[in-house]
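Notes to accompany the following structure.
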Amino acid sequence: MKKYFILSCVALLATNTVTAATLTTTEISAKGRFVVPTSISCTELKFGALYVKKSDTQNSGTMTATMNSNGTVTMETAGAYELMHTGTSATPSTCSDIPEGATFNADGVVKLSGDSIYVDNIKYADGKLTGSLNITSDATISQNVTLTGTGTIGFVY
């Protein structure tokens, strides 16, 4: 019996061949660059008290009032609303802690009342942020209401 058992084991070993595969290895490297953004503080961009009226014409466009770096607001485009008078002087926004050599990047808008009243065309010049206030034809303007909104701007350095 032992003889048959040993012959069976030898026969099994002889019939099972092992195929060896070639293993190739390599080393990889990985790197990452981490940047912690600098926090910049900016004051509010204030358009002041704006006196507007519904246009007498059938103009259904968007009224655009633009502020310059001195705080002067002028109507660039008449729309369904017209800018009659700026009651108080506007104040451009000022920012602090801007890194040396930073370039300004503003994308998007600051919404004050849904999609109907918003600030876009935000620019940084002479140390001040300015922009254009837009009022669409479907905007509802209430008496003595202050509208506010927030947005994100960036300085790349």
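Some observations on this one:
- Residue under evaluation MET75, criteria (1) open to solvent by 50 Å² or more (accessible area, probe 1.4 Å); (2) in contact with a Pro (Cβ under 9 Å, 6 or more places away or on another chain); (3) not charged (D, E, K, R), criterion not met: (2)
- Residue, farthest from the chain's Cα centre (by Cα), within segment 115-143, restricted to residues that are among the small types (Gly, Ala, Ser) and more than 22 Å from SER93 (Cβ to Cβ): SER142
- Close pairs from segment 135-149: first closer than 15 Å to GLY48 by Cα and assigned to a loop (DSSP other than H, G, I, E, B), partner open to solvent by 100 Å² or more (accessible area, probe 1.4 Å) and not polar (S, T, N, Q), Cβ under 7 Å, at least 6 apart: GLY149/LYS111
- Remark: pairs (first residue in segment 119-134, more than 13 Å from THR43 (Cβ to Cβ); second residue in a strand (DSSP E or B) and of a type in the set (Asp, Glu); Cβ separation under 6 Å; 6+ apart in sequence or on different chains) = SER132/ASP120.
- For segment 69-79, the condition of being among the charged types (D, E, K, R), within 23 Å of ILE40 (Cα to Cα), out of contact with any Asp or Glu (no Cβ under 9 Å at 6 or more places or on another chain) and not in a loop (DSSP other than H, G, I, E, B) holds for none of the residues.
- Count - residues of segment 23-61 that are open to solvent by 100 Å² or more (accessible area, probe 1.4 Å), in contact with a strand residue (DSSP E or B) (Cβ under 9 Å, 6 or more places away or on another chain) and over 27 Å from SER89 (Cβ atoms): 2
- Inspection of segment 66-73 identifies no residue that is modelled with pLDDT of 80 or more and touching a Gly at 6+ places or on another chain (Cβ under 6 Å).
- Among the residues making up segment 101-157, those that are open to solvent by 90 Å² or more (accessible area, probe 1.4 Å) and closer than 27 Å to PRO37 by Cβ are ASP107, LYS111, LYS123, ASP126, THR148, THR150, THR152, TYR157.
The values are calculated or read from the model by the stated rules, or taken from the named source; none is laboratory data. The structure displayed is predicted, hence computed values, not measured ones. With ideal geometry, Cβ positions are generated from the backbone for all residues, glycine too; neighbour counts draw on all protein chains shown. For the accessible areas, the whole protein counts, side chains as well, though only heavy atoms, and no ligand, DNA or RNA atoms are used. Shrake-Rupley method; radii C 1.70, N 1.55, O 1.52, S 1.80 Å.
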